[in-house]
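Undergrad: Starting off with a structure, shown below.
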Amino acid sequence: MNATDRLFAEVWNRLTADWSRLTTFRKMGVLGEDAARDAMHQSNTYFIQNQLLHGEHHNFIKNRDQFIRDGMHQKMPQLMTESAVAEFRRTLNASTLVFSHSILDAAIFDCVRICALAAPAEWSEQLANRKVALGDVAKRPYSEFLSEAIEIEVSRLERESLLAKVDRVFQVCRPQKQEYLTTGFRFDRGRLRELDELRHRVVHAADGSWEFESIEDDMQFMQSSGLHIFSMVGECFGLVVSGEEAMAALAARRASVK
C-alpha cells in the first residue's frame, strides 16, 4: 500500500471508527444522566441536612429556623442538582463539539496531504510567489523546488484553521458537482465556519459564554462534511478503500502509539 492509499484509508478510519468512539462517548454520557442525577441529589441532600444545617457549616446560615420554614432545606438540593446536570450537559456538548472538530480537522489535513502527493502540479498557482535562491535555479530541477515548496506549505497548513485546509482541498480537486453522498448531502462552508467559530469560543472563553442549539445535528453535519470531502478526493484521484487497507491503517495506527 503506497502513501496515498494509506492516507486515504486513514481518512476513512477517522470518519468511521473514530466517529463511532465519539458517538459511544456521547451516548454513555446521555444515558448515565438519570443515574448521576439521583446520586447527585442524594449527595446534595446529605450536604444540606447533615453539614449545612447540623454539621460543620451550620454557621453559614443566619436563621436556620427561617431557612427550614421557607423549605430551603428541600429546595436547595434540587436547585443544586439541576444546576449540576445543566452544567454537565453543557460540558458534554462542548466536549462533543471539540472532539468532532478534532476528528474532522485531522481527516481534512490527511486529505491535504493526499492532494500534495497525488497532484503536485495543482499547487503551482498557489506557490508561484515563493522566493528561490537565484544560485540554485541552474543547479536543481523545477520539480525539486516544487516538492520542497509543497512540503513547507503542507506544514504551514497543518497549523492553519480547518477552513483553510478545506479550501486548499477544494482548490486542488476542483469539484464538478455538489453531491458526493447518496444521502443527498451538500457541503455548506458557511455552516462549517460557524461551527469552527463556536469551537474556538468553547476552547478560549473562560466564562463558558457559549450555547448549543443542535449538537446532534451539528455532529452529523461535521461527519457528513468529512465523508463528502473524502468522497470528492477519492473521485478526483481514483482512490478506493478496501477492507484490507482499512485494517492495515488501523494496525499501523495502533503500532504507532505503543
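No lab work stands behind these numbers, since they all come straight from the coordinates. This is a predicted model, so every value here is computed, not measured. Neighbour counts are summed over all protein chains in view; Cβ atoms, including those assigned to glycine, are modelled from backbone coordinates with ideal geometry.
Undergrad: Under a crude label model (7 Å from the Cα following the beta-carbon direction), how far is Arg193 from Glu151 in nanometres?
TA: 3.5 nm
Undergrad: For labels at Ala17 and Ala252 in the simple 7 Å Cα→Cβ model, what's the distance in nm?
TA: 1.2 nm
Undergrad: Between Ala164 and Glu211, 0.36 nm times their residue separation minus their Cα-Cα distance comes to what?
TA: On the way: separation 47, 0.36 × 47 = 16.92 nm, distance 2.49 nm.
Value of the extension gain: 14.4 nm.
Undergrad: While we're here: Order these by the 10 Å Cβ neighbour count, fewest first: Ser161, Ser214. It would help to have the intermediate numbers written out before the result.
TA: On the way: Ser161 14, Ser214 9.
Sorted ascending by nearby Cβ count, the order is Ser214, Ser161.
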